[in-house]
Amino acid sequence: MKRLITVILALLMIMGTAFPVFGSVATNAEPWATASLELAYNQGLITDEDLLDAKRTITRLEFCRIVVLLYEKTKGEKLTVKNKSPFTDCDDISVILAYEAGIISGTEPTKFEPNKSLTREQLAIMLNRMLNAWGITLTTGTEQYAFNDISNLMKPSIETLMLS
């Protein structure tokens with residue numbers, strides 16, 4: 001997980017050299033997160049509201065919006081919807097785009113649960129899929145399981161993370 005976070009932060013820093021910076025903004029984030037949040041803000045990935053309320057949990061829908069913007073900026077291409085939403089509870093364009101790009105899936109075959117909080121497990125899977133879409137493959141490190149709660153993950157999640 002630390003390596004995954006390092007790769008994401010490195011990508012954000014690389015993006016920082018390609019896009020203009022608009023100066024410091026207010027946030028309620030912890031000091032360790034402020035610089036990364038400001039960078040994401042300056043890249044247009046998050047809003048003023050996100051910065052001012054940085055301590056709240058992020059929903060699955062909000063993360064889809066961020067991940068689609070990040071995907072489009074880093075790939076240099078605008079995603080377009082090809083089909084209607086596969087989910088009965090969400091037809092948001094960002095969710096459809098992230099689904100079609102292979103970054104997200106539902107909590108069930110036809111449910112996305114857009115307003116549910118994003119879990120660390122779901123975040124790791126989505127970021128791993130995004131890295132795969134960029135052609136970045138993470139290799140298994142010396143610590144196969146960096147967290148002591150890995151046994152709480154659903155079996156398909158472990159398989160998804162280990163196969164990548």
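What to note about this one:
- Yes/no for T139 being assigned to a loop (DSSP other than H, G, I, E, B), modelled with pLDDT under 85 and among the polar types (S, T, N, Q): yes
- Within the stretch 86-109, the set of residues being at pLDDT 95 or above, assigned to a loop (DSSP other than H, G, I, E, B) and among the polar types (S, T, N, Q) comprises T88 only.
- The set of residues in the stretch 88-112 that are closer than 17 Å to I58 by Cβ and open to solvent by 50 Å² or more (accessible area, probe 1.4 Å) contains only T107.
- Top-ranked residue in the stretch 35-65 [being open to solvent by less than 80 Å² (accessible area, probe 1.4 Å) and of a type in the set (S, T, N, Q); ranked as farthest from V81 (Cα to Cα)]: S36
- Here the stretch 43-62 is the region considered, the condition is being within 21 Å of D92 (Cα to Cα) and of a type in the set (A, V, I, L, M, F, W, C), and the residue that is modelled with the highest pLDDT is L61.
The values are calculated or read from the model by the stated rules, or taken from the named source; none is laboratory data. As the structure is a computational prediction, the values presented were derived from the model and not from experiment. When we count neighbours, we look across all protein chains shown, and the Cβ atoms used for this are built from the backbone with ideal geometry, even at glycine. Accessible surface areas use protein heavy atoms only, side chains included; no ligands, DNA or RNA. Shrake-Rupley method; radii C 1.70, N 1.55, O 1.52, S 1.80 Å.
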